[in-house]
Amino acid sequence: MLPARRWPRAGCTTGSAQVLVVLPLLSAAVPALAFTDTVGVAVVGALVWGAAVGVQESTLRATVADLVAPGRRATAYGVFAGIMGGAALAGGALAGVLYDASLPLLIVVVVGAQAAALVLLWATRAVRSTPAH
């Protein structure tokens, strides 16, 4: 709810990127926290995962609404949901394979993927802030 409430005041070009920067940081911490033998730490991992999903869902849905004309939003939300579902399936399958192979490897791959996401977010912001000629 908080990212979605912040969205209208911040605007698409600044607010969404600032909020989305939190996602790779939260997501990178999840495997190290959630896949532990300590119940309290695993609960913290689940809470961090929930926070990341909440930020992602509210902010990215607001982004779709901001970028797509009202008459095309239903289709855009459907495409968005399909892509997110497919990515979640692929990511879950990869995480399962990596978990079976090596928990440290799973953590390294997740941290690497989130670092790449952070770089892509930064690069996207740099491109969007460059004035058109």
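Quick one: count up the residues across the range 25-50 that are assigned to a helix (DSSP H, G or I) and either buried (at least 16 other Cβ atoms within 10 Å of the Cβ) or out of contact with any helix residue (DSSP H, G or I) (no Cβ under 8 Å at 6 or more places or on another chain) (or both).
18
Where the second residue is open to solvent by 70 Å² or more (accessible area, probe 1.4 Å) and the first is in a helix (DSSP H, G or I) and lies in the range 73-97, which pairs have Cβ atoms under 9 Å and are six or more apart or on separate chains?
Here the result reads Ala76/Leu67; Tyr77/Arg61; Phe80/Arg61, each pair linking the range 73-97 to a residue that is open to solvent by 70 Å² or more (accessible area, probe 1.4 Å).
If a residue must be exposed (fewer than 10 other Cβ atoms within 10 Å of the Cβ) and touching a helix residue (DSSP H, G or I) at 6+ places or on another chain (Cβ under 8 Å), how many such residues does the range 65-118 contain?
Summing the residues that are exposed (fewer than 10 other Cβ atoms within 10 Å of the Cβ) and touching a helix residue (DSSP H, G or I) at 6+ places or on another chain (Cβ under 8 Å) in the range 65-118 gives 0.
Just to be sure I understand the filter: pairs with C-beta atoms under 6 Å, separated by 6 or more residues or on different chains, first member in the range 99-128 and part of a helix (DSSP H, G or I), second member of a type in the set (Ser, Thr, Tyr) and surrounded by 16 or more Cβ atoms within 10 Å (Cβ to Cβ). Which pairs pass?
Pairs that qualify, where the first residue is part of a helix (DSSP H, G or I) and the partner is of a type in the set (Ser, Thr, Tyr) and surrounded by 16 or more Cβ atoms within 10 Å (Cβ to Cβ), are Gln114/Ser27.
Exactly one of these conditions fails for Pro131: (1) outside any helix (DSSP H, G or I); (2) modelled with pLDDT of 95 or more. Give me its number.
(2) is the only condition that Pro131 fails.
The values are calculated or read from the model by the stated rules, or taken from the named source; none is laboratory data. Quick caveat: nothing in here was measured; it's all calculated off a predicted structure. With ideal geometry, Cβ positions are generated from the backbone for all residues, glycine too; neighbour counts draw on all protein chains shown. Areas reflect the complete protein model, heavy atoms only, side chains present, ligands, DNA and RNA absent. Shrake-Rupley method; radii C 1.70, N 1.55, O 1.52, S 1.80 Å.
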